[in-house]
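The values are calculated or read from the model by the stated rules, or taken from the named source; none is laboratory data. Values in this document were obtained by computation on a predicted structure and should not be read as measured data. Neighbour counts are summed over all protein chains in view; Cβ atoms, including those assigned to glycine, are modelled from backbone coordinates with ideal geometry.
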Amino acid sequence: MSAAAAVAPAPVSMAGPSPRADASPGARWPRALYVHVPFCLSACPYCDFVVYAGSAARGPRSLLPALAEALLAELELRADELERTVERPTGAALETVYLGGGTPSLLAPRQLGRLLEAIDRRLGIAAGAEITLEANPGPADRGDPAAFAAAGVTRLSIGAQSFVPVELRRLGRRHGPADVATTVALARSAGMGSVGLDLLYDVPGQTLASWWATLEAALALAPDHVSAYALTIDDPDVEGLTGPTGDHLPARPGARQWRERARAEQDDDRAAGLYLEATELLEAAGFAWYEISNWARPGHRCRHNLVYWRRQAYLALGPGAHGFDGARRRWWNAARLEPYLAALLPDPGGSPRLPPGGEERLDEGAALAEEVILALRLSDGLDEERLERLAAMPQLSEALARARAADLLERNGTGRIVLTRRGRLLAGELFAHLV
Ligand code: SF4
């Protein structure tokens, strides 16, 4: 599962056949880079990330080597495009690189090392940058954390999801709880600077007791960061996201029935109880809540995801990946692997070109609404400067005032507007009223 994909703002409309090379006014040089690796050993039925499973992911027909080459080609073209359209500040270098998926721990360490070297050569990677790799914990797909650390990875984000074997089986996961413990131990002995666990709640058959057991088992491994996301069951086909330039793949056979059964078992009140349980247990264990679904020990907030939530510029590579120019323009690569590879790895004599995709351009009102929503996701909330700018947007100001009256928002001790605990539970509905 890609935490980065889960947190990056989604486009609200689909557009043209390929990303345009011109940036929007106010575009900034990116401080972060997301790389999507769209392969998993098998596909989980709830997952709607861009994933190819089975023979594409391993064995003699694996497409990983082709992807590794294509990412290098895309990096060159994206860097060229940036240099043509955005002024590069002196000394600019990436502060974060995030390899998400899919299962990027399927990359061979030498493929990863080569990619990071090329990124550093072309865009610069700052000293002390955060370099995150998502890893699945099973022995066949966690890779070698020591070799990843040697290649430059500083942070491992482990897709644990649950520590209850029957829940893992229901979710279609390949690993067991002991595999998570082994992966954490390997990451620690590799000297990985930060280790995070991703968990899922509101999953089929889950109870308050089984969620408690998952949280306690996670805490027993002493991670630095915990993400707890509610299982969301979407239908990208119905949402119109799976066309030739869409950023999603059509639902896999069998997945739709699984999702219908799972959705029938979900319950908003139970989900709220599970969320509150996580909040209490994690905060009692010394984790600070800093984003609706994320908690960290001091110094271990995910710097990459903060770039998304602070609406700063980021570049992206890989099928289905999204980039943002820090102002008004979002763009994405189409999800389909074949056209992605064909564009970037042409036949001999051809030249690589940017893959198909789409873009959207936000008007001033939409950009400000997005900024407000993203800021409210964070414990930092909305500052005075943003509140003053909101004065020019009476509808948005009034919606925020209503939310305060309904005890969804409050002014904290430093004068910022933040979500209340009730607001965190109802954030989805609140944000729907702000767009
Ligand atoms: S392992 Fe993660 S990315 Fe892969 S199919 Fe399962 S949920 Fe999706």
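Close contacts from segment 178-191, counting a first residue that is without any contact (Cβ under 8 Å) to a residue 60 or more places away in the chain and within 15 Å of LEU168 (Cα to Cα) and a second that is of a type in the set (Gly, Ala, Ser) and outside any helix (DSSP H, G or I), with Cβ to Cβ under 6 Å and a gap of 6+ residues or different chains, come to ASP179/GLY138; VAL180/ALA160. Restricting attention to segment 233-261 and to residues that are hydrophobic (A, V, I, L, M, F, W, C) and surrounded by 13 or more Cβ atoms within 10 Å (Cβ to Cβ), the residue that is nearest to PHE49 (Cα to Cα) turns out to be LEU249. Among the residues examined, ILE158 does not qualify as touching a strand residue (DSSP E or B) at 6+ places or on another chain (Cβ under 7 Å), more than 30 Å from GLY254 (Cβ to Cβ) and either within 16 Å of the ligand (Cβ to nearest atom) or touching a residue at least 60 places away in the same chain (Cβ under 8 Å) (or both).
Scanning segment 353-366 for residues that are surrounded by fewer than 16 Cβ atoms within 10 Å (Cβ to Cβ) and over 30 Å from LEU64 (Cβ atoms) yields ASP363, GLU364, GLY365, ALA366. Of the strands (runs of 3 or more DSSP E) lying entirely inside segment 60-179, the ones with 3 or more residues being closer than 24 Å to VAL203 by Cα and at pLDDT 95 or above are found at 155-161.
Here ASP141, ASP179 are screened, and the one residue that is of a type in the set (D, E, K, R), in contact with a Cys (Cβ under 8 Å, 6 or more places away or on another chain) and within 16 Å of the ligand (Cβ to nearest atom) is ASP141. Of the residues making up segment 168-175, none is assigned by TED's automatic domain parsing to the domain that holds THR232 and away from the ligand (no atom under 15 Å from the Cβ).
For segment 378-397, the set of residues classified as of a type in the set (D, E, K, R) and in a loop (DSSP other than H, G, I, E, B) consists of ASP380, ASP383, listed by residue number.
Evaluate the following for PRO65: is it under 20 Å from ASP325 (Cβ atoms) and surrounded by fewer than 17 Cβ atoms within 10 Å (Cβ to Cβ)? Against the criterion (under 20 Å from ASP325 (Cβ atoms) and surrounded by fewer than 17 Cβ atoms within 10 Å (Cβ to Cβ)), PRO65 does not qualify. Among the criteria (1) among the charged types (D, E, K, R); (2) surrounded by fewer than 18 Cβ atoms within 10 Å (Cβ to Cβ); (3) under 23 Å from GLU117 (Cα atoms), the one ARG58 does not fulfil is (3). Being of a type in the set (Lys, Arg) and farther than 20 Å from THR242 by Cβ is the filter; apply it to segment 306-352 and report the residue that is surrounded by the most Cβ atoms within 10 Å (Cβ to Cβ). Taking the candidates together, the pick is ARG329. GLU359 fulfils the conditions (1) more than 27 Å from the chain's Cα centre (by Cα); (2) within 30 Å of ALA53 (Cα to Cα); (3) not β-branched (Val, Ile, Thr) except for a single criterion, (1). When every residue of segment 217-228 is checked against the conditions, none turns out to be within 15 Å of the ligand (Cβ to nearest atom), closer than 21 Å to PRO45 by Cα and more than 20 Å from the chain's Cα centre (by Cα).
For segment 25-43, the tally of residues that are over 22 Å from THR96 (Cα atoms), touching a helix residue (DSSP H, G or I) at 6+ places or on another chain (Cβ under 9 Å) and in a loop (DSSP other than H, G, I, E, B) stands at 3.
Inside segment 127-140, residues that are surrounded by 15 or more Cβ atoms within 10 Å (Cβ to Cβ) and more than 19 Å from the chain's Cα centre (by Cα) make up a count of 1. Of all the residues in segment 104-128, those that are farther than 20 Å from GLU76 by Cβ and small (Gly, Ala, Ser) number 5.
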